[in-house]
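The values are calculated or read from the model by the stated rules, or taken from the named source; none is laboratory data. Just so it is clear, the structure is predicted and the values come from calculations on it, not from any experiment. In this analysis, Cβ positions are derived from the backbone assuming ideal geometry, glycine residues included, and neighbour counts consider all displayed protein chains.
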Amino acid sequence: MVKFLDSLPHLLGGLLLCAAGASQAALEPLDNENLGRISGQDGLSIRADVMASIGKAAWVDDGGSVSLRNVKIDNGCTSAAVCPDGRGGALPLGAAQLGLSLPVFGVELPTLQVDVVQGSNGQQQLALTLPDLTTINKQLNAGGLPAQTIRVRVAGDLYVGESRLGSLEVRDIQDISGTIRVWGH
């Protein structure tokens, strides 16, 4: 029995190595065919609703530091005056819904669209497209309707070392559009 227990770590290590080798998979290129096989369509739409609390995000260099502490990410609806719902009420505090949904107009914008596109040089590129809130708001304004807002708040306390400089807050998106392309070289 003792000999078996002595060899148990070696046996488990060998089994883990065998399992690790079997679990490795080859990397395949990401193209529309592969995306279609995974998702049933030629691209992916991602919708993110985010509510988070982060204790500290810091940058440290040569003994000095800058940090953002007590970070909150939410929809910023901390009072009725901040987030009226257009019907005499207010939106409750909750997750930031990083996309836009206007079913009356047939608009459903995800947080991010992922697609594989062909670059001008013929190389395949991964395209990450942000919602085009800029164009939609221009169209709404031209029709006499108010601009839509993605309600988001990122707030925290700014520190240099241990000295608090004050608070930082970023709120509400009304003008965003763009595409990020990624490719290997």
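Among the residues of region 126-143, is there at least one that is under 27 Å from the mean Cα position of the chain (by Cα) and in contact (Cβ under 8 Å) with a residue 60 or more places away in the chain?
The initial filter retains those residues of region 126-143 that are under 27 Å from the mean Cα position of the chain (by Cα), namely 126-140.
Those left that are additionally in contact (Cβ under 8 Å) with a residue 60 or more places away in the chain: 126.
Yes - at least one qualifying residue is present in region 126-143.
Sort out which residues of region 128-173 are surrounded by fewer than 12 Cβ atoms within 10 Å (Cβ to Cβ) and in a loop (DSSP other than H, G, I, E, B), and write them in order of number.
Gly143, Gly144, Pro146, Gly161, Glu162 - these are the residues of region 128-173 that are surrounded by fewer than 12 Cβ atoms within 10 Å (Cβ to Cβ) and in a loop (DSSP other than H, G, I, E, B).
Taking the condition small (Gly, Ala, Ser), more than 28 Å from Ala57 (Cα to Cα) and at pLDDT 85 or above, does Ala80 pass? It would help to see each step written out before you state the result.
On the way: small (Gly, Ala, Ser): yes; more than 28 Å from Ala57 (Cα to Cα): yes; at pLDDT 85 or above: no.
For Ala80, the condition - small (Gly, Ala, Ser), more than 28 Å from Ala57 (Cα to Cα) and at pLDDT 85 or above - is not met.
State all residues of region 128-155 that are at pLDDT 85 or above and among the small types (Gly, Ala, Ser); if no residue qualifies, say none.
Within region 128-155, Ala142, Gly143, Gly144, Ala155 qualify.
I'm trying to understand the selection: among the residues of region 151-185, which are within 25 Å of Leu112 (Cα to Cα), hydrophobic (A, V, I, L, M, F, W, C) and out of contact with any helix residue (DSSP H, G or I) (no Cβ under 8 Å at 6 or more places or on another chain)?
Result: Val152, Val154, Ala155, Val170, Ile180, Val182, Trp183.
Which ones in region 89-119 are modelled with pLDDT under 85, in a loop (DSSP other than H, G, I, E, B) and over 14 Å from the mean Cα position of the chain (by Cα)?
Within region 89-119, Gly106, Gly119 meet the criteria.
Sort out which residues of region 59-96 are in contact (Cβ under 8 Å) with a residue 60 or more places away in the chain and under 14 Å from Tyr159 (Cα atoms), and write them in order of number.
Of everything in region 59-96, those that are in contact (Cβ under 8 Å) with a residue 60 or more places away in the chain and under 14 Å from Tyr159 (Cα atoms) turn out to be Gly64, Ser65, Val66, Ser67, Leu68, Arg69, Asn70, Val71.
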